[in-house]
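Okay, structure first, notes after.
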Amino acid sequence: MPREFIKIELGGKTDPRWAETFYVVEATDLEMGWLHSWWHADGRVDWKELLNGTSVIKVGEDHGRSVAITVTWARIEGRLVAFWGCSSQVADYDMIEAWLTKTLRAGVHRCTADDFTLCIKAIDAANDKAPIPA
């Protein structure tokens, strides 16, 4: 799948998908694949990865070197979920967290791949659905 590159400076206009994002998960591509396999492949949840849903976003610079994240969006049980991982040589997690806090609307929860069950539980609650067994 071709990756769309979006260069975003701090304070710049962000991807409109952030406004609809329900949950944000820190996960590598491998972790996202494992989560997809565990939750979708056996029919536990409806999971649709968005075509052209991957973006590389510059969140800032550290000593003249870009700090960037790769974000992939998927629609899980009808809710937009963003999966992100640091994709630059320079990793400044404080800068990334500050960018996410500034970019996300209030009330959007975050977790890591290890705690993905929290995302599923939040989706179930928002959809007024009985919890899906892990």
Exercise. Taking the options Asp124, Asp128, name whichever one is more than 18 Å from Arg17 (Cα to Cα), touching a residue at least 12 places away in the same chain (Cβ under 8 Å), among the acidic types (Asp, Glu) and not in a strand (DSSP E or B).
Key: Asp124
Exercise. Could you check, for the range 73-88, whether at least one of its residues is of a type in the set (Val, Ile, Thr), more than 15 Å from Thr28 (Cα to Cα), within 15 Å of the chain's Cα centre (by Cα) and assigned to a strand (DSSP E or B)?
Key: yes
Self-check item: Odd one out for Val45 among (1) under 18 Å from Val67 (Cβ atoms); (2) at pLDDT 75 or above; (3) in contact with a helix residue (DSSP H, G or I) (Cβ under 7 Å, 6 or more places away or on another chain)
Solution: (1)
Quiz prompt | Filter result for the condition that a residue is under 22 Å from Ile123 (Cβ atoms) and either at pLDDT 85 or above or of a type in the set (Asp, Glu) (or both), over Val59, Val67, Val71 | solution = Val71
Practice problem: Go through the range 74-95 residue by residue and tally those that are modelled with pLDDT of 90 or more, among the β-branched types (Val, Ile, Thr) and either farther than 14 Å from Ser55 by Cα or touching a His at 6+ places or on another chain (Cβ under 7 Å) (or both). | Solution: 1
Practice problem: Given the conditions (1) touching a residue at least 40 places away in the same chain (Cβ under 8 Å); (2) within 19 Å of Pro16 (Cβ to Cβ); (3) in contact with a helix residue (DSSP H, G or I) (Cβ under 8 Å, 6 or more places away or on another chain); (4) not aliphatic (A, V, I, L, M), report the number of the one that Gly60 does not fulfil. | Solution: (2)
Quiz item: Looking at (1) closer than 28 Å to Ala41 by Cβ; (2) buried (at least 16 other Cβ atoms within 10 Å of the Cβ); (3) of a type in the set (Asp, Glu), which is the one condition that is false for Asp92?
Solution: (1)
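The values are calculated or read from the model by the stated rules, or taken from the named source; none is laboratory data. All figures in this text were calculated on a predicted structure; none of them were measured in a lab. Cβ: placed from backbone, ideal geometry, glycine included. Neighbour counts: every protein chain shown.
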